[in-house]
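Report on the structure given below.
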Amino acid sequence: MLEHYVKVGSFTAADIVIFSFVVVFSAAIGIYYGWRDRGQGNAREFLTGSHKLNALPVSMSLSASFMSSVTLLSVPVEVYYYGAIFGLISFSYLFAIMISSELFLPVFYRLDIASTYEYLELRFNKATRLLGTVLFIFQTVLLTGVVTYAPALALSQVADMNLWAAISSTALVCTFYCALGGLKAVVWTDVFQIIIMFAGSLSVIIKSAITQGGISVIISDSQEGGRLNIWDFDINPMRRHTFWTVVIGGAVGWTSVYGINQAQVQRYNACKSMTQARIALYLNFFGVSAILISSVMAGLCAYSVLKSCDPRTVGMISAPDQLMPFLVMNITRSNPGLMGLFCAAVYSGSLSTVSSCINALAAVTVEDLIKPYIRMSERCLAMTSKALSIFFGILCIAIAGLASVMGSHMAQLTSVISAITGGPLLALFGLGILCPFANAKGVLSGVVVGLILTVWLTAGEIIFPSPPEMTRPLLLTTDGCNFSSNANLSLTSSDLPTLISSPAPLHGSNSTNSLTGHWQSPSYLYTCTIGMITSLIVGLIVSLLTGGRNEKVQADLMLMKEDTLMFHLYKYTRNKFLPKVKVKPKQKESLELTAEIIKATKI
């Protein structure tokens, strides 16, 4: 354990150089692509990349897009307070990627649409497309604001930087290279930024191991502190994190990201071929898993270093997501540059996600809200796309300001925001691609009912948070602190950070306790699953009751067996290993004669 804590640090010259390099290099990529493509003036090229990208950079961009600063800051906090079971979500990444590759990618790539929600009009009607677009914009604007706030919080903690200055700089840098270079700039900055993210996370792990005397000490401390609680097979859906909630709930949530989210679909649609797009998706699994594992390990390092003196209990930090900046600030004081590298990693995580969201928001607005209703030249559309990038960059600053006063843990907050709309939207696209009898009345009814239910579940969790026996917070102490006034402090469940902040009860604490005895929300990871299942069931029933059996759907709007990798693997295996049936000469003549008769009959 560290003998002395410092509360606020400042950047050294080395820290400033490293951090500035990341920001300048990211902006330079945007300048390069803006200059290189300056004469094209094509909105589609600007927003989608026009099928010119290879699998490797796209896979790295896919990894960077949703492995944001929230991952680097909040996953370690999750491990510090609740244990490493959250690391099982890597299984959900794999399941989500497999489902997306088999079900959604083939249809979207074949149609070659710039906006995912254009599919909804082709399959159903304009109202369905408009609903999907509005829900996506609402969800993405909120997420962008939250992700913008996260690195600002880190910078204000370790560098004594003004919070609003940090928020504004994040949004402005993203907006700058999005507006100049479009999707190509976003993808290549993601490639650079994911390298920085991984380097920053590794630097924390290595320095913590040196401080503690080796990785084995960190593992031993984590074992003694109950942080290696990975295998928990309790089937109780009210439990916050178990094997089932993390893997099943996480798989559905991440399928809504990889399968139908505009930012992700835009990327794999930018690949040169469907094979390249599939390779990009599967390569991306290794990238997101590496970042997740390093973040989980960073959380174990934080526990090992701070296990005897929890900094939040003694007032050294005021919010859970300040834990990692506080740790880095204290273990890297003798190593100039490491603090700058960590802040650059967090900043890169935010830049990659915010730039992806800004680009996706601009694409959806142009394709779904402008082109169908207003006639514009390609050059005018390209200029409009750039102006929209600037508009959404400014908007995310405003939402980040709102996030700064919510006091919530970023990891769960982003999951909840995604889950509210993610489940119903996943059901909407799933019905369109897999069910030929699904109609507009059915899917719209399903989405509305699913949204009502997910909002209701989320409101219940906010007002009546899950009790400690469902969340299972782990023991922390302040027995080893060197603060005489706080020597006898110990952490109780009431001191733990609430991962969704709840307002004060209207009728006092006794009323709240009474109500929570009758209300328990399922795990927040199941919100997306519940929304999806509800929307599917309602959508199917209403479709069948409103004439869905008479629906006639174009073949290219549905998933065909030839689209799936599993079909081609089966066909290859059958031809390779199963014995071929030999046809005798007389049988061959008979078959040929039969074929000729059938052909003549058709003519």
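When the label point is put 7 Å from the Cα of Leu434 along its Cα-to-beta-carbon vector, which residues of segment 214-256 have a backbone N closer than 19 Å?
Within reach of a label on Leu434, which here means backbone N under 19 Å from a point 7 Å along Cα→Cβ, segment 214-256 contributes 247-256.
If R0 is 30 Å, what FRET efficiency do you get for Phe138 and Arg375 from their C-beta distance, rounded to 0.05?
With R0 = 30 Å, the Cβ-Cβ based efficiency is 0.65.
Sort Met560, Met532, Met383, Met274 by Cβ crowding within 10 Å, fewest neighbours at the top.
Met560, Met383, Met274, Met532
Please compute the modelled spin-label separation between Glu469 and Ile31, points set 7 Å along Cα→Cβ, answer in nm with one decimal.
Computed distance between label sites Ile31 and Glu469 equals 6.2 nm.
Extension gain Met383-Glu562, at 0.36 nm per residue separation less the Cα-Cα distance, in nm?
Net length gain for the segment: 60.5 nm.
Within a 10 angstrom radius of the beta carbon, how do Arg227, Arg312, Arg375 rank from fewest other beta carbons to most?
Final ranking by Cβ density, sparse to dense: Arg375, Arg312, Arg227.
Peptides 294-300, 96-102, 467-473, 356-362: what's the order by average Cβ count within 10 Å, highest mean first?
Most protected by this proxy first, the peptides run 356-362, 294-300, 96-102, 467-473.
Under a point spin-label approximation (7 Å from Cα along Cα-to-Cβ), what is the Ser220-Ala14 distance to one decimal in nm?
2.9 nm
If you take the square roots of the eigenvalues of the alpha-carbon gyration tensor of segment 319-358 and sort them as a ≥ b ≥ c, do you get rounded (a/c under 1.5), prolate (a/b over b/c) or oblate?
Oblate, since a/c reaches 1.5 and b/c is not below a/b.
When a footprinting reagent is the concern and you count Cβ atoms within 10 Å, what order do Tyr373, Tyr282 take, fewest first?
Listing Tyr373, Tyr282 from fewest to most nearby Cβ atoms yields Tyr373, Tyr282.
Would you mind calculating the gained length between Ala459 and Leu172 on full extension (0.36 nm times residue separation, minus the Cα-Cα distance), in nm to one decimal?
Result for the pair: 100.0 nm of gain on full extension.
Along the Cα→Cβ direction, 7 angstrom out, place labels at Leu94 and Ile390. What is the inter-label distance in nm?
Going by the 7 Å Cα→Cβ label model, 4.7 nm.
Want the number for Phe243 to Ile537: 0.36 nm per residue separation, take away the alpha-carbon distance, what's left?
103.3 nm is the gain from fully extending Phe243 to Ile537.
Work out the FRET efficiency for Lys272 and Asp234 from their Cβ-Cβ distance, taking R0 = 41 Å, and round it to the nearest 0.05.
It comes to 0.35.
Quick note: the coordinates plus some simple rules give every number you see, no bench work behind them. These numbers come from a predicted model, not from an experiment. Glycine gets a Cβ as well: all are built from the backbone with ideal geometry, and neighbour counts include every protein chain shown.
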